[in-house]
Amino acid sequence: MIQARDITFTVGDFALRNLNLEVPCPQYFVLLGPPGSGKTILLECLCGLRQAASGSIHIDGRDVTALEPRSRSIGYVPQDYALFPHLSVRGNIQFGLKVARLARETITRRIHAVAQMLDIETLLDRRIQGLSGGEKQRTALARALVMEPRLLLLDEPVCALDEGSRQRICGLLHTLQRKLCLTVIHVSHNIEEAFSVADTAAILDRGRLQQVGPLHELLRSPANEFVARFMRCENILPAVAEPDPRGATLSRSMGILPMNEHEAGATAGHSVATLGGVRLALPRACTGPVKLVIRPEDIRLLRAGPAPTDANSLRVSLARWRDYGAYMKVEIRTLSGELGLIAHVSHAAFAALDPAAGKPIVAHLPIDAIGVLTD
Amino acid sequence: MFFFVVVFVGFILTLIVADVFYINKQAVLTLIRSRYILHALWMSVWTSLVATALALLFAVPVGYSLSRFRFPGRAVVNAIIDLPIIFPPLVVGLTLLVFFSQTALGKWIETGLGLEFIFQPRGIVLCQFVSAASFALRSSKSAFDDVDSRYENVALTLGCRRWGSFTRVCLPLAAGGIITGGILTWARSFGLFGPLMIFVGSFRGRTEVLATTVFLEQSVGNLEVALAVAVFMMLIAVVALTVIHVVGGRTRLTA
């Protein structure tokens, strides 16, 4: 277990404040956040390159707070790799082994093993300056892994790579973590990158942890508006929630609610929210001002037919749309024009709407896909 | 681009060639046979090398400290380091003379400690050091500025202590800039003239260096000999600088 307790660190106007983080071992953990959120500083505190003003850091139960980086059994790959330009690939990889004064045979064996694992055997005698981005990345990984660390810290490891190399390296990192039973803490600002390597993540903003948990939880149940926006939820709507006026007698599954743009149905025992002239059933009981978080990919668009009877089905019109390659981004508005939403739909689903600007359609917002932020 | 290179190099070469054509065989023979001039050559070489070594001894820690650490008065320290570059050379000699002959501390060093500098060969080294060390310090700082501290950080995570990360990573990467500083310092020391005339004089066979030989020979009308010494100095400088550039370049590539 990697534990950071009450870490406080200040540099200029920026501060990490009472930051607590626990990462079970072995695990692939991603530290997400926008630039300037403090991810790298936290990583450097874990490394021992920066000393926190207060708090403690434990690695596998051992308090390493006061230890130098070399005594923490960590591997560190900084952003842009920081490969030593005056050394060859082999020189870079064997750097730590030479510092540790290992026997020549041991050094040769370990270099060979790590080079084979990362498929860089043919690069060993090359100079750093001639390597591609992906080759540099693998060399930097080899340099860290050859020391057989218990914890591998990666600072934006693939941000400088093209899309193809990024996917290959992410796949490699994921495989290596499983194969070596390592704990990896990977700093990134990219959600796709996080999903491609890890199951669990933390989101940091301005020195404070916003949420820690499985990635699907960060996606589906953001703890606050920042997390929702960071996870690219484009529909964050202020609303007022109140108890369901229909009580427990109505059920979404019964499909008997009269639906229109002014009144959407509610589920038994839950609340309804009023926003932009419509009422939406909420998945949990709450009252007062709330913010509704609806992921664009959860909104289903259907051709307008008879009055919709499903809960949270709204009559809307098509406003604008744009092809994003993998999906269509569609802007819709309620017929009264008071509420606008963004939906991501497949090309096939969009074509089935027979789209035209201003055309009335039906938008279905599944009740379970609505997140409610009460703070 | 190459036009400017050709014009500049061509102009310098023309000046040298003009000097060479002015020299006659007798002047060259005088240069080779004069034990005073050979002594001056020896003095120029060893004093400039010692001054350069001393400058580099200071340049590495001072350059690294100024590059990596922030401390109160850093800007003032930076300015003081650059001061000898801006000083007219004569002022350096005058200042040293005043310090060692007029101040209590200077007198104590000269008489109390018995470390005499005025009109002494070691005064040449001191004069060269004060006049030229700033070049080494400034180059060294710039060289360390160019070395990303992340290299040292990575070295720390790979098992190095601070000293190890400095010697194994930072110093080799800054070596090129430090060598350049050394070259500039040596060149300045080797050709130093004004401050030496004031602080150590130009006693034949004692404190005479090649630069002062040129002055002494031309002041007694031996213009051919003076120019022969000057061309000889240029030759030594060109050979030394070329060797240092080649070796320095190779060191940087293979370190």
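Local charge sum around A:V23 (other residues, Cβ-Cβ under 13 Å, Lys/Arg +1, Asp/Glu -1)?
On the way: positive: A:R5, A:R150; negative: A:E22, A:D60, A:D199.
Summing Lys/Arg as +1 and Asp/Glu as -1 gives -1.
Would you mind checking which residues have amide H under 5 Å from A:R50's amide H? H placed 1.01 Å from N; only 5 or more apart, or other chain.
A:C45
How big is the charge dipole of the range A:2-230 about its Cα centre, in debye rounded to the nearest 20, if each Lys and Arg gets +1 on its Cβ and each Asp and Glu gets -1 on its Cβ?
With only Lys, Arg, Asp and Glu charged at Cβ, the dipole is about 720 debye.
Calculated from DSSP H runs of 4 or more alone, at -39500 (n - 2.57) each and per residue, what is the 222 nm mean residue ellipticity of chain B, nearest 500? Present the calculation step by step, with values, prior to reporting the outcome.
Values: 13 runs with 201 residues, N = 255.
Mean residue ellipticity at 222 nm (helix-derived): -26000 deg cm²/dmol.
So which residue, out of B:S149, B:S67, B:S134, gets the largest mean-square fluctuation from a GNM of chain B using Cα contacts under 10 Å as springs?
B:S149
So in the range A:2-230, what percent of DSSP beta bridges are antiparallel if you round to the nearest 5?
Taking every DSSP beta bridge within the range A:2-230, about 55 percent pair in antiparallel fashion.
Peptide B:140-153: average number of partner chain Cβ atoms within 10 Å per residue? Present the calculation step by step, with values, prior to reporting the outcome.
Numbers: counts 0, 0, 0, 0, 0, 0, 0, 1, 4, 2, 8, 6, 2, 9.
For peptide B:140-153, the averaged partner shielding equals 2.
Considering only DSSP beta bridges with both partners in the protein assembly as shown, what is the antiparallel share in %, to the nearest 5?
Bridges in the protein assembly as shown that DSSP calls antiparallel: roughly 80 percent.
Only Cα pairs under 8 Å and at least 6 apart count here; give the relative contact order of the range B:64-177 as a rounded whole percent.
The normalised contact order for the range B:64-177 reaches 28 percent.
Return the single residue from B:V125, B:V154, B:V45 with maximal mean-square fluctuation; model: Gaussian network over chain B, springs between Cα atoms under 10 Å.
Highest fluctuation of the listed residues: B:V154.
I need the Debye-formula profile for the range B:12-121: one equal scatterer per C-alpha, no solvent, reported as log10 I(q)/I(0) at q = 0.11, 0.15, 0.17, 0.19 1/Å, two decimals.
Scattering profile of the range B:12-121, log10 relative to I(0): -0.67, -1.03, -1.13, -1.20.
Each residue of the range A:176-184 in turn: what ³J(HN,Hα) in whole Hz from Karplus with 6.51, -1.76, 1.60 and θ = phi - 60°, glycine and Pro shown as x?
After applying 6.51 cos²θ - 1.76 cosθ + 1.60, I find 4, 4, 5, 5, 9, 6, 8, 9, 10 Hz.
List the aspartates and glutamates whose Cα lies under 14 Å from the Cα of A:K329, skipping any in the same chain that are fewer than 8 positions away.
The reachable aspartates and glutamates, counting only those whose Cα sits under 14 Å from A:K329, are A:E234, A:E297, A:D298.
Within 10 Å of each residue's Cβ, count the other Cβ atoms and sort B:V5, B:V209, A:V146 from fewest upward.
Working: B:V5 9, B:V209 30, A:V146 24.
In increasing order of surrounding Cβ atoms, one gets B:V5, A:V146, B:V209.
Can you tally the net charge around B:V220? Count Lys and Arg as +1, Asp and Glu as -1, for every other residue whose Cβ sits under 15 Å from the Cβ of B:V220.
Details: positive: B:R204; negative: B:E208, B:E217, B:E224.
Net charge around B:V220: -2.
Considering Cα pairs under 8 angstrom that are at least six residues apart, work out the relative contact order of the range A:2-230 and quote it in whole percent.
29 percent
Mind checking which lysines have their C-alpha under 23 Å from A:K136, skipping anything on the same chain fewer than 8 residues away?
Straight-line reach from A:K136, under 23 Å: A:K39, A:K98, A:K179.
Taking beta carbons within 10 Å but only from partner chains, what does the mean come to for residues B:155-167? Spell out each step's value before the answer.
Numbers: counts 7, 7, 19, 17, 12, 7, 4, 1, 0, 2, 3, 0, 0.
Mean number of neighbouring Cβ atoms from other chains: 6.
Provide the packing ranking of A:170-181, A:20-31, i.e. peptides ordered by the mean count of other C-beta atoms within 10 Å per residue, highest first.
Ranked from most to least packed, the peptides come out as A:20-31, A:170-181.
Among residues other than B:I80 whose Cβ falls under 15 Å from its Cβ, what is the net charge (Lys/Arg +1, Asp/Glu -1)? Mind dumping the intermediate values first?
On the way: positive: B:R74, B:R138, B:K141; negative: B:D82.
Combined, the nearby Lys, Arg, Asp and Glu give +2.
Which aspartates and glutamates, on any chain, are close to B:K25 with Cα under 20 Å apart, when same-chain ones fewer than 8 places away are left out?
Straight-line reach from B:K25, under 20 Å: B:E217, B:E224.
Under a no-solvent Debye model with one identical scatterer per Cα of chain B, what's log10 I(q)/I(0) at q = 0.13, 0.15 Å⁻¹?
Those come out to -0.95, -1.15, one per q.
With the alpha-carbon atoms as the only input, what is the per residue convex hull volume for the protein assembly as shown in Å³?
Output value, Cα hull per residue: 246 Å³.
Just to check I understand the Karplus step: with θ = phi - 60° and J = 6.51 cos²θ - 1.76 cosθ + 1.60, what whole-Hz values come out for the range A:196-206, glycine and proline as x?
6, 10, 10, 10, 10, 8, 10, 10, 10, 9, 6
Highest mean first, what order results for A:150-163, B:83-96 on Cβ atoms within 10 Å? Before the final figure, lay out the partial values.
Working: A:150-163: 20.1, B:83-96: 16.6.
So the peptides A:150-163, B:83-96, ranked by packing, come out A:150-163, B:83-96.
When the Cα centres of the range A:272-303 and the range A:69-122 are compared, how far apart do they sit, in Å?
54 Å
Each value in this text was obtained by applying a stated rule to the coordinates, not by laboratory testing. Just so you know, these numbers come straight off a predicted model, no measurement behind them. Glycine gets a Cβ as well: all are built from the backbone with ideal geometry, and neighbour counts include every protein chain shown.
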